[in-house]
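The values are calculated or read from the model by the stated rules, or taken from the named source; none is laboratory data. Remember, predicted model here, so these are calculated numbers, not experimental data. Here Cβ is always computed from backbone atoms with ideal geometry, including for glycine, and neighbour counts include all displayed protein chains.
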Amino acid sequence: MNNKIKTILTGIIAILLLVAITYKEKIVKNEYQNTDLNIVLSLEDEINKNSVWCGTFNLIWNDLKKDLVKQDIVFSPQLEMVKHLNKGTFTEKELKEKDYYKVIGKPTFALKKQIEEEIQRKFKEKSDILEDFEWQEEGNEDYFLYAMLKKEFHFKKKFTQLENSTFKNYQNIAYFGIDSTTEEEVYNQVKVLYYKDKNNFAITLKTEEQEEIILMRGEAKKTFLKTYEEIKKEQENYEGSKIFKKGDSLKVPYLNLRFKKEFEELEHKYFTFTNGEKYYIEKAIQTIKFELNEKGGKIKSEAGMHNKNFSAIETTQREFHLEDTFTLFLKEKEASLPYFGAYIEDITQFN
């Protein structure tokens, strides 16, 4: 092979390598969508259109307050979201131990390695946020808090893939659910919580893992907590049939959500430990990946925080069609509160 051919081949290989590296970087950068979602940090935060909450950040905030600060975290001026986080409404009591991992430690390379090994052992997962934080060889007066939640759930029988349809003004949206072609055995996977009309109802989709997918169509309250409480209230007062029966129909849009957010509004604001030491949050990040389809769904969420030291109407046929704004909750069957909530108005943000 002469030198000219070698030079040409070397150039081609270099170009291919550059394309491969660029493509890999593009995949990494685009794994999380650019989103206009309103990401709230607690069940009490006010929601508006297209809001999402997951309890992972609550887990590390509870540990920050209870194990490190040993009192309410107070900024000056105090933030409304911090007041809500301090209430500690959501705790690990709402989750099975096998589904979450959390840790507090010094932000050292040893802790980073420990987290990576533990989430690989427990969940067969890698972190999407650890590289965003600064790590050091030895510990100092700083603290790092971390949590991961991972769940997968499956329907015993697949729901029917329905024809694409509209969601509000959006066209060609994919749906699954129940129609006249669906096996009646699938009906048992749906529990009616209440039904007023096709624009005001709530149902639960049951999974093999005892996870409940609660779907509500109707006007949401100001917060996820108030919305969930309203669903429970309506359910208790509902005297109609709670059995999904032949003639009823169900339409649920496929959901695929991936976002990563840094909560800059919490960063670089000082607060005091009970021993008088001053700290501030250097960086606070949360991610959520959530999918729902005719087979089931899965959710993975991480939260990390680096704290630096300072020195009833029933009809014959009912339509449970989620073709307009609706609210979704995920909850363990025996838990008193959900661990995930979504208020969905713009389906393109979730689909």
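General observations
- Screening segment 245-255 for residues that are in a strand (DSSP E or B) and not aliphatic (A, V, I, L, M) and picking the one that is surrounded by the most Cβ atoms within 10 Å (Cβ to Cβ) gives 253.
- Filter result for residue 112 (among the basic types (Lys, Arg), modelled with pLDDT of 95 or more and closer than 30 Å to residue 229 by Cα): no
- Only a single item in (1) touching a Lys or Arg at 6+ places or on another chain (Cβ under 8 Å); (2) on the phi > 0 side of the Ramachandran plot is not met by residue 124, and it is number (1).
- Filtered by the rule that a residue be within 30 Å of residue 121 (Cα to Cα) and assigned to a strand (DSSP E or B), segment 141-198 gives 143, 144, 145, 146, 147, 148, 149, 150, 151, 152, 153, 154.
Conditions tested, residue by residue: (1) more than 30 Å from residue 175 (Cα to Cα); (2) in a strand (DSSP E or B).
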position: 257; (1), (2): no, yes
position: 260; (1), (2): no, yes
position: 265; (1), (2): yes, no
position: 268; (1), (2): yes, no
position: 271; (1), (2): yes, yes
position: 283; (1), (2): yes, yes
position: 286; (1), (2): no, yes
position: 305; (1), (2): yes, yes
position: 329; (1), (2): no, yes
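- Residue list for segment 92-140, restricted to those being part of a helix (DSSP H, G or I) and more than 30 Å from residue 211 (Cβ to Cβ): 109, 110, 111, 112, 113, 131
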